[in-house]
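Notes follow once the structure below has been shown.
The values are calculated or read from the model by the stated rules, or taken from the named source; none is laboratory data. If you're wondering where the values come from, they're calculated on a predicted model, not measured in any experiment. FYI the Cβ positions are ideal-geometry reconstructions off the backbone, even for glycines, and counts take in every protein chain you see. Ligands, DNA and RNA are excluded from the accessible area calculation, which covers all protein heavy atoms including side chains. Shrake-Rupley method; radii C 1.70, N 1.55, O 1.52, S 1.80 Å.
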Amino acid sequence: SSDRGAKLLSLDGALEHPFAAGRAVLCVAALPDGVHFVAGLGSRQVRLYHVDGTLVHTFKGHTLNVRAVAVTPDGQHIISGSFDKLVKVWSVASKSLVSTCAGHSGHFGVCAVAAMPDGQRFLSGGYDKTVRVWLLDGTLENTFELHTGPVYAVVALSDNQHALSGSWDKTVKLFNVNDGAVLRTFKHHTRDVILSLIHI
């Protein structure tokens, strides 16, 4: 939250643990081990926490606020996107930078990131209206301009071939990550799709 913290809640709504971050927490993602999570902060940092409140590590390298974070399915890599227009991949084990992905443009840079199920690729959505497909080593595989406005949300589907993107243009697109082919456009929203998408 912008109240400079994060909160761990049980499914019944009970507060289990508050986390004081000292800066606005703009995004969070859980690691698959069930005991760690990562937070992107307004202080340009990516922080790895244990659910008991312990700060495990602070990843530094972004020059503007971190707007989006994701974790690979094996829990070995953290992906962060920032207003600085960069996506960075971090190693959880070595606590080091793996790669920096440059290419997005636009005033608010990278708005969303999502790891693909194969653990080798990930998606980024940007203010430049594009969705990009990357390898963890920073190689750009594809760039798709599917929307007429900034892309604020992306989610990879479990078949490892398709994804969803949500945009300022009020639409959600179902598309193929290999060639950018749009299978369906959902037009039911009346305002920007600016938060998150969930695949059930």
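Of note:
- Gain in span if fully extended, L157 to D118, counting 0.36 nm per residue against the direct Cα distance: 13.0 nm
- Matching label, Rg and Dmax of the Cα atoms in Å computed from the structure shown, candidates [x] 16.0, 45; [y] 19.8, 60; [z] 17.6, 55: [x]
- Per residue value of the accessible surface for segment 1-146 (all protein chains in place, 1.4 Å probe), Å²: 44 Å²
- Under 18 Å of direct C-alpha separation, and excluding same-chain neighbours fewer than eight residues apart, K170 reaches these lysines: K129, K187.
- Over 21 Å (Cα to Cα) - which of K60/K88; K60/K173; K88/K173 fall in this group: K60/K173; K88/K173
- Here the spin labels are modelled as points 7 Å beyond Cα on the Cα-Cβ line, and at A93 and L55 they lie 2.6 nm apart.
- Plainly put, segment 1-73 has a radius of gyration that is 0.95 times its Kirkwood radius, both from alpha-carbon atoms, as the Rg/Rh ratio.
- Each Lys and Arg contributes +1 and each Asp and Glu -1, all at the Cβ; summed about the Cα centre of the chain, the dipole is approximately 580 debye.
- Here the chain has 53 percent of its accessible surface on carbon and sulfur atoms, given a 1.4 Å probe and all protein chains in place.
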